[in-house]
Amino acid sequence: MPGAAEQIVDNLIDNALAVSPPGSAIEVAVAPVPDSASVDLHVRDEGPGMSAEDCARAFDRFWRCRGDTGGSGLGLAIVAQLVRAGGATAELRPRMLDGARGLDAHVRFGAPQRS
């Protein structure tokens, strides 16, 4: 599905930018999965983070984290739809970085299917 990977990355970076304080870092990392034809994408931010429960719900349409005043609640739902359609997986994980909170948005892309 051409363009899906770019849209996934764009949505994850947009979300990270929306929650990260000015001057903080957003890390984008792409790496092959050892002994596999899969590739891992991580978009890590230094925002306020979310609980594990909120991370599990964040891909639901129209769901927004408490205190979130912007957005429609569709960005991560679109990511989830694109990921499912492409046979990939996605998850959000809380992360701690030198005492600061943040979020790790992880997508695992599988090898393309051949016909």
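Since every read-out is calculated from the coordinates, none of them should be taken as a lab result. Remember, predicted model here, so these are calculated numbers, not experimental data. Neighbour counts run over all protein chains shown; Cβ positions are idealised from the backbone, glycine included.
Based on the Cβ-Cβ distance from Arg95 to Asp14, what FRET efficiency comes out when R0 is 25 Å, to the nearest 0.05? If you can, show how the numbers build up before the last one.
On the way: r = 19 Å, r/R0 = 0.74.
After rounding, the FRET efficiency stands at 0.85.
Between Ala31 and Ser51, how many nm apart are label points set 7 Å from Cα along the C-beta direction?
Between Ala31 and Ser51, the simple spin-label model gives 3.1 nm.
In whole Hz and in residue order, list the ³J(HN,Hα) couplings for region 20-36 that follow from phi through the Karplus curve 6.51 cos²θ - 1.76 cosθ + 1.60, θ = phi - 60°; x for Gly and Pro.
Per-residue couplings from phi come out as 7, x, x, x, 7, 9, 10, 9, 10, 10, 10, 8, x, 8, x, 6, 8 Hz.
What ranking, highest mean first, results for peptides 13-23, 41-51 when packing means the other Cβ atoms within 10 Å averaged over each residue?
Details: 13-23: 14.1, 41-51: 19.4.
Packing order, densest peptide first, comes out as 41-51, 13-23.
Per residue of region 38-43, what does 6.51 cos²θ - 1.76 cosθ + 1.60 with θ = phi - 60° give for ³J(HN,Hα)? Whole Hz please, x for Gly and Pro, Karplus curve as stated.
Residue by residue, region 38-43 yields 8, 10, 9, 10, 10, 10 Hz.
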